[in-house]
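Visitor: My questions will all concern the structure given below.
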Amino acid sequence: MKRVNITTFAFLALLTATSVEAWGKDVLLPYGDMNRWTIRKIHESAVIGGNTKTLYAIGPNRTIDGNKPYVNGGGSPWATSNVMAKVMGVVKTNNCVYRERHGSGYCAKLTTHIEKVKVAGLFNINVLAAGSMYLGDMREPISGTKDGVKAMNCGIRFNQRPKALKFDYRVHVADSPSRIKLTGFSKRKTVPGKDCAVAVLLLQKRTEDANGNITAKRVGTMVVKYSKSTNGWVNNATYDIMYGDIRNNPRYDAATMKLRSTDYARNSKGKSVLVKETGWASAGETPTHMILQFASSHGGAFIGSPGNTLWIDNVRLVY
């Protein structure tokens, strides 16, 4: 991978500077305390009401007024599922990640909901949207429901080998025994199985070929699902990162930890391509990238239960 942005440099510089001194301790990810937020004021098209909507981004304290594509600022490595879309000339927003008070500061609140937009004679869209925050960035504006995933640049450059991921969390799980699928233009479908909130950390060793295709070997894996509501906050939750081929590990869950080809990243040419995991790296391998994502629903795009909510704060790596 040849292309490194300013956000990635800032992340690595801070992580390197702190991890040497904090070996055997916790290292807070940049903006991982969730206390700084960028407020965006987006003006939706008059044809759908012309309302001004507030979108939240994990970044430097500032307010951006106007329909400007968002670019990570202040060295923040975080992106969210809060986006500005422009479909058939109509500007619409989705906001399902919120800034919320927690103690003397803030936390991130991720929630699953149904986003609706109707324009007579043009379209009538109902989309199931899950709250998601992840390391990477999003290219705006989104031009359609099928383009949202491809607009994500999932993962950042990372060459460390942390022992675990630690964070504070709170969960509210919807009561429904099944989930729904709403893609925007198709009918509502029922998906078996209770919805769960999820946290995913993957360490990859990526390679880009001459044609810009990206493949990866899986170096490290940590996936946890939350199927029950908590009674308030759970602080300092710590989850070990498993290295190498973990298929014989008793904690291995094939449904959530198997090799995957669902994440998109921008290659050195600036094109969005699928990252295809082709195998398991050796247990001692050094990664080139880290994927870290928190989401209020676990079933993939457009699948979940409205009301599912995950609160996240103080995201740290343990060395």
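Visitor: Quick one: 3J(HN,Hα) in Hz for the range 40-52, Karplus 6.51/-1.76/1.60 with θ = phi - 60°, rounded, Gly and Pro as x.
Guide: Once rounded to whole Hz, the list reads 10, 10, 9, 9, 6, 5, 4, 5, 10, x, x, 6, 9.
Visitor: Moving on to the next point. Enumerate the amide H contacts of Val275 below 5 Å, restricted to partners 5 or more residues apart or on another chain; note that Pro and chain-start residues carry no placed amide H.
Guide: Those lying under 5 Å, H to H, from Val275 are Asp263, Tyr264, Ala265.
Visitor: Further question: Given the options Asn308, Phe185, His289, identify the residue whose Cα lies farthest towards the positive end of the charge dipole of the chain (+1 on Cβ of Lys, Arg; -1 on Cβ of Asp, Glu).
Guide: My answer, from the dipole projection, is Phe185.
Visitor: Within the set Lys194/Lys217; Lys68/Lys217; Lys109/Lys163; Lys205/Lys271; Lys53/Lys269; Lys181/Lys228, which residue pairs have Cα atoms separated by over 29 Å?
Guide: Lys194/Lys217; Lys68/Lys217; Lys53/Lys269
Visitor: Please report the spacing between the Cα centers of the range 262-319 and the range 113-186 in Å, no decimals.
Guide: Each part's Cα centre sits 12 Å from the other's.
Visitor: Using each residue's phi in the range 165-177, evaluate 6.51 cos²θ - 1.76 cosθ + 1.60 at θ = phi - 60° and report the 3J(HN,Hα) Karplus result to the nearest Hz, with x for Gly and Pro.
Guide: For the range 165-177, the Karplus curve yields 10, 10, 6, 9, 8, 8, 9, 10, 9, 4, 6, 4, x Hz.
Visitor: Further question: Which value in deg cm²/dmol, rounded to the nearest 500, describes the helix-derived mean residue ellipticity at 222 nm for the chain, given -39,500 (n - 2.57) per DSSP H run of n ≥ 4 and division by the residue count?
Guide: Details: 2 runs with 18 residues, N = 319.
That calculation yields -1500 deg cm²/dmol at 222 nm.
Visitor: If you don't mind, another one. Which ³J(HN,Hα) values, rounded to whole Hz and listed in residue order, are derived for the range 92-99 from phi using the Karplus coefficients 6.51, -1.76 and 1.60 in 6.51 cos²θ - 1.76 cosθ + 1.60 with θ = phi - 60°, glycine and proline given as x?
Guide: Once rounded to whole Hz, the list reads 9, 10, 9, 10, 9, 10, 10, 7.
Visitor: A further question on this structure: If all Cα-Cα distances of the range 228-268 are sorted into 5 Å bins from 0 onward, what percent lands in each bin, rounded to whole numbers?
Guide: The percentages, shortest bin first, are 5, 13, 18, 14, 16, 19, 11, 3, 1, 0.
Visitor: Once the Cα atoms of helix 6-19 and of the chain are each reduced to a long axis, what angle between those two axes, in degrees from 0 to 90 to the nearest 10, is obtained?
Guide: Here the helix axis deviates by roughly 40 degrees.
Visitor: Turning to a different aspect of this structure: Check which residues have an amide H placed less than 5 Å from Gly155's amide H, if you skip close sequence neighbours.
Guide: Excluding prolines and chain starts, which carry no amide H, the hits are Leu135, Gly136, Asp137, Leu292.
Visitor: Another one. How large, in Å, is the range 116-226 by the Kirkwood hydrodynamic radius built from its alpha-carbon pairs?
Guide: Final number for the Kirkwood radius of the range 116-226 is 17.6 Å.
Visitor: Give the Rg (one decimal place) followed by the Dmax (whole number) of the chain, computed from C-alpha coordinates and expressed in Å.
Guide: Over the chain's Cα set, Rg and Dmax evaluate to 19.1, 61 Å.
Visitor: Any idea what log10 I(q)/I(0) is at q = 0.15, 0.30 Å⁻¹ for the range 168-215, Debye with uniform C-alpha scatterers and no solvent?
Guide: Ignoring solvent entirely, the Cα scatterers give -0.74, -1.14.
Visitor: For the range 271-319, taking Cα atoms only, what is the radius of gyration to one decimal and the Dmax to the nearest whole Å?
Guide: Values for the range 271-319 (Cα only, Rg and Dmax): 15.6, 41 Å.
Visitor: Provide Rg over Rh for the range 62-135; use the alpha carbon set for both Rg and the Kirkwood Rh (inverse mean inverse pair distance).
Guide: 1.02
Visitor: How large is the dipole of the range 158-258 about the Cα centre if only Lys and Arg carry +1 and Asp and Glu carry -1, each at its Cβ, rounded to the nearest 20 debye? Let's see the in-between values first.
Guide: Details: 19 positive and 8 negative charges, 52 e Å.
Roughly 240 debye for the range 158-258.
Visitor: So what are the three principal axis dimensions of the range 95-160 from its Cα atoms, in whole Å, longest to shortest?
Guide: Per principal axis, max minus min of the Cα coordinates gives 50, 33, 16 Å.
Visitor: Semi-axes, largest first, in whole Å: what does sqrt of 5 times each Cα gyration tensor eigenvalue give for the range 178-250?
Guide: 29, 24, 12
Visitor: For a distance above 24 Å, tell me the whole-number percent of Cα pairs in the range 211-312 that qualify.
Guide: 36 percent
Readers should treat all values here as calculations from the given coordinates under stated rules, not as data from a laboratory. Predicted, not measured: the structure shown is a model, and the values here were computed from it. All Cβ positions, glycine included, derive from the backbone under ideal geometry; neighbour counts span all protein chains shown.
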